[in-house]
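The values are calculated or read from the model by the stated rules, or taken from the named source; none is laboratory data. Everything quoted here is computed from the prediction, not taken from an experiment. A quick note on method: Cβ atoms are made from the backbone with ideal geometry, for glycine too, and the neighbour counts reach across all protein chains shown.
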C-alpha cells in the first residue's frame, strides 16, 4: 500500500479535472459527490444558524426570568411571533412547491412520522389550541391593561400550530433529495422555533410551580417570602379570568409535549435531507391478543397513580403532618411501581438475549434520534436522583420520610437504565420480514443461478402453502420460519448428497412439519410463549410510563417538597437544577411511551 | 411492495430459527449480526454508565464550589483518585492483553490518533507532569497542615498521565473488533474520568480568575468584597510556596487542554469499537513550500497578540484610565485580527466552491467528532457574544469603550461561523489519491473486461511516465490528473470511432500534454495557484488561532472587565455563564488549530 501511495505525485489538484470534458459516467458520479458535499456544507451552516438563533432566544428568556431592566414579557412575545410567522411562510412555500410533484417521485422514510405519532401530535395540537383560546379569553378580560402583544401571540400561535400539524401530517416522511439550502434552513429554523417555544413554556410552567411551592412553604411557616404571580393592574371585565388562568396551567404539560415532539419530528426531516433510504415500507401490526394480564396490571397502576397524585396534590402544604403523610404515600407508591417496572425490563432483556435477533444494518436517523433522546432525557432525572442520594450522604440530620428518598432515587436510576436498554435493543431489531428476505439469499455452497431460482420458487410455494394453513388456523403461522430454514438445510443436504435425486413434488412434501408432534410443539410453543410474555411486559411498561408522566406533569414535585436537598445545596442552586432537569424527566416518560408503542408493534 | 409484505404471515418469530441447524453461510451471517447487536447493547449500557458516573462527579464538584457542609476538597480528591486508578488498571490489562496479538491481526483507523496529535498530547502531558511536581512541592512546604490526599493526588495523577500517554501513543488507532464489553466500559470510564479531571481543572481555574477579577474590581473601588484564595493555616517551610502556587496557575491552561484532548481521543476509540474501516492508510504530506506570506502574516499576528495580552494583563485593574485603555487596545487588536481571519475563511470557501472536491463517502467517527466538537465548542463563545450584543441593546447608559464590544462580538460570531464551514468542508474532502483510485474505475459505455484491463495498464504506464518527468521537474506533477481524464475521454472517443485504430504506442503518445503551451499553462497554473493561496490562508488561520488561544488562556477576560454585561444581567448570572462558556471558547481555539493542521496536510 505504501508503494501505491508513493507512486502518486504529490503536486496535483482536482480543480483541473473539472475544467476538462469528462466521460458521462465520471461526470454523473462526480455530480453526485458534489451534491453530497453541498449537503454537508448546508448541514453545517444551517445547524450553526439554528444554534445562534436558539442562543438569542434563550438569552431573552433568561433576561425575562431574572427581570433585567429594559426587557419585558412583551418583547419576548414579539420576538417569538416573528420566527413563528417566518416558519409559516416557509411551510406554505414548501407545501405549494411539493404539490406540483407527483407522489411517485417522492422518497419516503417509513421509520419517521408513524401514523400514531401524527395522531399524537394532532391531539397535543388540539389541547394547545384550547390553551390559545383560553389565553385570548384571559386577554379579553383584562384588555384595558394588557399589551396588544398578549392578544397577537395566541392568534399567531394558533396559525403556527394549524400549519405545522398540516405540514407534519403530510410531509413528516419526506426525504428531500435535490440540493436545497432553503429546505435545510427552513427545517432547522422550524426545529429551533419549536424548541424556543418549548423552553418558553417550560420557563412559565416552572415559575408557576415555584410560586405554588413558595406559597406552600410559607403556609407551613418555613419561609417568609410571599411571591404572587404578576397580575394585570386592572379588574377582570368578564369575571372568569381566574378560571381561564387556572385552565391554562392544566394544559401547559400538553403544550410542552407538543413542541418538543414537533421539533423532534422536524429534526428527523432535517437529518433525512439527502439521505439514501435503504429500508422498504413495513406494515406495523397492532393487536391486543393475549395481553390481558399486562393491560390489567398496567391499568391498576394507572388507577393507583391517579389516586396517589390526587392525595399528594390535595394534602401537600396543608399542614406539616399532612405534607409528611403525602410524601410517605407518594414514595411508597413510586418505589413499588418503579420496582415492578425495573423487573419487567430485566425480564424483557433476558428474553431478548434468548431470541438473538439481528439488528438493522443501515440505521435510519429517526431510530438513532429515538435512542439518543431516551438517553439524554433520562439524564434529567439521573441528575436529580444523584443529587438526592449525595444530599442524603452529606446531610447531618434527617426526617423519617426522607429515608424513602434513597430507595426511590436508586430505583429511578435503575429503572431508566434498564428500560432504555430494553427499548433501544428492540428498536434496533430488524423487522421480521426483513429476516425472511435475508433467508432467501443464503444458499448452499457452490450455488448456480439455476439452483438459486429453484430454491426461491420452492420457498414461494411453501409460503403460499403455509399461508393457506394459517387462514384456517390463526396460530400456525409462526412455524413458517422454522420450516423455511429446515427446508434450506434439507435442500442443502439434498444438493450435497448426489444419490438423493428427489423431484419437485417430493421436496414440497419434505417441507411439511415433522411427524413427531411433541418436538414440533416444543419448537412452536417456546417462541410464541416468549412473544406473549414480551407483549404483556411491553404493554405493562407502556401503561406504567403513561402513569408516571401524570404526577410530575400536574405538580407532584417531591424534589421541592421533601426539603432535604434544599437544605443541603441551598434554595436557589437546587431549584434551578430541578427546573432544568424536571422537564427532561417529564419528556422522558412521554417519549418512552411512544417508543414502547413502537416496540410493541415490532414484537 | 405492499403485496410482498402481505404475503408474509404476521405470527412468526426468529427465536425458532436459532434452534435449528443452519447452513454455514447463514450461520456466519447471523453470527455477525448478533455481534453487531451486542455492540449496540454494550454501547448503550456503557454510555449510560458513563453519564451516571459523570453526574456524580459533577455533583461533588458543585458541592465543593458552593461549599456545602459535609464536603471538602479532600473528599473530591479522594473521589477523583479512585477512577484514575481504575483506569490505570484497565489500561494495564488492555496493553498486556494486546501485546500477545500480532500486529497483522489488528485493524487500525488511520483518521484517528495522527502522529502530530500524539505529539501534542505528549507535550501537554509533560506540562501536566510539571504541574504535579509543583503541586507536590507546594504540599511539602505546607506538609504540617495539609491533608495527605493533597500529596497522594499529584502522585496518582502522574501515574495516570504516564500510563495514559503510553496507551494513547500505541493504541489510539485500534479498532476493537471482537465482542468485548470490558473494553467498552473501560474506554467510556476513561473518557469520563478525563472529562471529570477537565471539569475539576476548569472549576479551579475559574475560581482563581474570579478571585483575581474581584481583587481588580475592589482595587478600582467598584465593589467592597475582598475574597482571598484559601491558604493553608501554617507557614511555608520551604519559602517558595508562593512561587509554586503561581507556577501552577500558569500551567493550568495546558492541563485543561490535555484532559479534553485525551477524552476526545478515547471517545474516538470507543466509537470505533466494532466499526468496519473502509479507508486505506494515507500518508500526509507536510511541507512549507510557498507559504511564506501566510506564515509571516501569521507570525506578525502572534507577536502583536503577545504584546496586546501583555499590555492587557499589566494595565487592567491598575486604575480606571489604564483599565479603559487596556480594554480599548484589546478590542481594536481583536477586531482587526478577527476581521482578517473571517476574510481568509471566506476566500478559502470561495476557492473551495471553485475546486468542487468530492467528499468522503463512509465517514470515520474521528472526522465526525472533529466537526461536532468544533460546532459545540464554538457555541461557548457564541453564548458570551450574543450576551454582550443583547446587553448593549438592553443597557441604558454606556461607557465609550463598551461600544467596541459590538463589532468585537459580531466578528467573533461571524469568524467562528465561517471558519467552521471552511474547516469542516475540507475535513470531509476526499484525499487526492482516493480520487485517483476513483478515476481508474469509470470507463466508457459498454465496457468489456478486456477494455478495462487495457485502460488500467495504459494509466499505469502513463503514471510511470509522469513520475519520471516529475523527478526532473518538481512542478509538472499536477498535470497528471488533467491528462488521465483527457486520456479517458480520448480513449472513449477512440473506442466509439472504429476508424481510429491506434496502437499502444500511439495511445501513449496521445497522453502527452497538448502542444498549445498557453492553454496547457493556464490549465496547470490555475489549480496550483489556488492551492498556494489555500495553503497560505490555512497557515495564516493556523497561526491566528494559536494567537487567539493565548489571551483568554492566560487571563485576558474582557467579558469580566468591561462591566457592561455584569451591570445588565447581574454579577452571579453573568459570571456563571462566562465560567461555563469560556473553557469551551478556549478549547475551540486549540481544537481548530489541530483541525487546520489536518486541513493543511490535506490540501
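Specify which of the listed residues (B:82, B:66, B:56) is more than 27 Å from the chain's Cα centre (by Cα), more than 23 Å from residue B:274 (Cβ to Cβ) and at pLDDT 90 or above. Talk me through it step by step, then tell me what you get.
On the way: B:66 fails: at pLDDT 90 or above; B:56 fails: more than 27 Å from the chain's Cα centre (by Cα).
Only one candidate qualifies: B:82.
Pull up segment A:386-401, narrow it to residues that are at pLDDT 80 or above and more than 9 Å from every other protein chain (Cβ to nearest Cβ), then point me to the one that is surrounded by the fewest Cβ atoms within 10 Å (Cβ to Cβ). If you could, list the steps in order and put the result at the bottom.
Keep residues of segment A:386-401 that are at pLDDT 80 or above, which gives A:386-395.
After this cut, where a residue has to be more than 9 Å from every other protein chain (Cβ to nearest Cβ) as well, the list is A:388, A:392.
Values: A:388: 23, A:392: 17.
My answer is A:392.
Do we have residue B:60 as within 14 Å of chain A (Cβ to nearest Cβ), assigned to a helix (DSSP H, G or I), free of Cβ contacts under 8 Å to residues at least 24 places away in the same chain and in contact with a helix residue (DSSP H, G or I) (Cβ under 9 Å, 6 or more places away or on another chain) here? Here the answer is yes, as residue B:60 does meet what is asked. Would you say residue A:296 is free of Cβ contacts under 8 Å to residues at least 60 places away in the same chain, under 19 Å from residue A:593 (Cβ atoms) and part of a helix (DSSP H, G or I)? Criteria met by residue A:296. Please verify whether segment B:196-204 includes one or more residues that are farther than 30 Å from residue B:562 by Cβ, at pLDDT 90 or above and either assigned to a helix (DSSP H, G or I) or out of contact with any strand residue (DSSP E or B) (no Cβ under 7 Å at 6 or more places or on another chain) (or both). Yes, segment B:196-204 contains a residue that is farther than 30 Å from residue B:562 by Cβ, at pLDDT 90 or above and either assigned to a helix (DSSP H, G or I) or out of contact with any strand residue (DSSP E or B) (no Cβ under 7 Å at 6 or more places or on another chain) (or both).
Is segment A:407-416 home to any residue that is in a loop (DSSP other than H, G, I, E, B), at pLDDT 55 or above and facing another protein chain (nearest Cβ under 9 Å)?
Just the residues of segment A:407-416 that are in a loop (DSSP other than H, G, I, E, B), to begin with: none.
No, that holds for no residue.
For residue B:527, the criteria (1) surrounded by 21 or more Cβ atoms within 10 Å (Cβ to Cβ); (2) at pLDDT 80 or above; (3) within 14 Å of another protein chain (Cβ to nearest Cβ) hold in every case but one, which is (2). Please determine, by comparing only the residues of segment B:111-154 that are without any contact (Cβ under 8 Å) to a residue 40 or more places away in the chain and in contact with a helix residue (DSSP H, G or I) (Cβ under 7 Å, 6 or more places away or on another chain), which one is nearest to residue B:257 (Cα to Cα). This residue is B:129. I'd like to check something: does segment A:147-157 contain any residue that is surrounded by fewer than 16 Cβ atoms within 10 Å (Cβ to Cβ) and under 21 Å from residue A:198 (Cβ atoms)? Among the residues of segment A:147-157, at least one is surrounded by fewer than 16 Cβ atoms within 10 Å (Cβ to Cβ) and under 21 Å from residue A:198 (Cβ atoms), which makes the answer yes.
From the list A:158, A:170, which one is part of a helix (DSSP H, G or I) and within 21 Å of residue A:369 (Cα to Cα)? Sole residue among the options that is part of a helix (DSSP H, G or I) and within 21 Å of residue A:369 (Cα to Cα): A:170.
Checked across segment A:291-303, the condition of being surrounded by 17 or more Cβ atoms within 10 Å (Cβ to Cβ), modelled with pLDDT under 85 and at negative phi holds for at least one residue.
Condition check ((1) at pLDDT below 60; (2) exposed (fewer than 13 other Cβ atoms within 10 Å of the Cβ); (3) within 30 Å of residue A:371 (Cα to Cα); (4) more than 9 Å from every other protein chain (Cβ to nearest Cβ)) across all residues:
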| site | (1), (2), (3), (4) |
| --- | --- |
| B:6 | yes, yes, yes, no |
| B:41 | no, no, yes, no |
| B:75 | no, no, no, yes |
| B:97 | no, yes, no, yes |
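Look at (1) over 27 Å from residue B:576 (Cβ atoms); (2) at pLDDT 85 or above and you find that residue B:179 fails only one, number (2).
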